[in-house]
Amino acid sequence: METIANPSYGRGQRKGTLPGVLMVVSACALVAACSQLPTSPSSAAGRPATSALVETGAAFSAQNNGQSWQDFQARGWNCRTPNNGPVTVCSPPNNPLPAIAIPPAQPPDDRPQTVTLKRWRNGVFEANVLLMRPEIYNGQRCESTGQPFSYIVVLGYFECAHTVGD
């Protein structure tokens, strides 16, 4: 298992075919669209990992239309550029960005079980990210890489990034 200590992580390699991914994303977007009322947003806290996977799939569909993180922020997404670096991450409205806990500090116990993020590098969309707390991660493979999720020490989450392109 790869351990990454800095939230400004690098690009992963994506394996698989685009048509298969698009079919899964379309199904996830349909499920997400049909399962929520647009007038009642909810928090990600306490929802199972499968809900976060549906959200990740639905968010994936917006990646190819050239929207910037500023576009998402203008629509109520929570965005952060750690250390003023090249990476910016955004979480959907009413869903928190993960707290950063520089060791020896520990991440808060009341953080959500899963977090879904969109990630840009140097202003270019790079990946949809699924973060999962250690107590619910069971060695699953990241679909885009076929490898185990990477542990992000300063976040206290395991990460799977679904990157754009190969």
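Output the number of residues of the range 132-147 satisfying the condition of being small (Gly, Ala, Ser) and more than 15 Å from the chain's Cα centre (by Cα). Counting residues in the range 132-147 that are small (Gly, Ala, Ser) and more than 15 Å from the chain's Cα centre (by Cα) gives 2.
The listed residues are VAL129, VAL154, and the only one of them that is in contact (Cβ under 8 Å) with a residue 24 or more places away in the chain, under 13 Å from the mean Cα position of the chain (by Cα) and closer than 17 Å to ALA99 by Cβ turns out to be VAL129. Restricting attention to the range 132-143 and to residues that are over 22 Å from PRO96 (Cα atoms) and charged (D, E, K, R), the residue that is surrounded by the most Cβ atoms within 10 Å (Cβ to Cβ) turns out to be GLU143. Can we say ALA161 is free of Cβ contacts under 8 Å to residues at least 12 places away in the same chain and among the hydrophobic types (A, V, I, L, M, F, W, C)? In short, no. Restricting attention to the range 84-118 and to residues that are touching a residue at least 60 places away in the same chain (Cβ under 8 Å) and in contact with a helix residue (DSSP H, G or I) (Cβ under 8 Å, 6 or more places away or on another chain), the residue that is surrounded by the fewest Cβ atoms within 10 Å (Cβ to Cβ) turns out to be ILE100. Only one of the numbered conditions (1) closer than 23 Å to GLY66 by Cβ; (2) aromatic (Phe, Trp, Tyr); (3) not in a strand (DSSP E or B) is not met by TYR137, and that is (1). Counting only strands (runs of 3 or more DSSP E) that sit wholly inside the range 46-131, those with at least 2 residues that are at pLDDT 95 or above and farther than 16 Å from GLU159 by Cβ are 78-80.
The values are calculated or read from the model by the stated rules, or taken from the named source; none is laboratory data. Model, not experiment: these values are computed from the prediction. All Cβ positions, glycine included, derive from the backbone under ideal geometry; neighbour counts span all protein chains shown.
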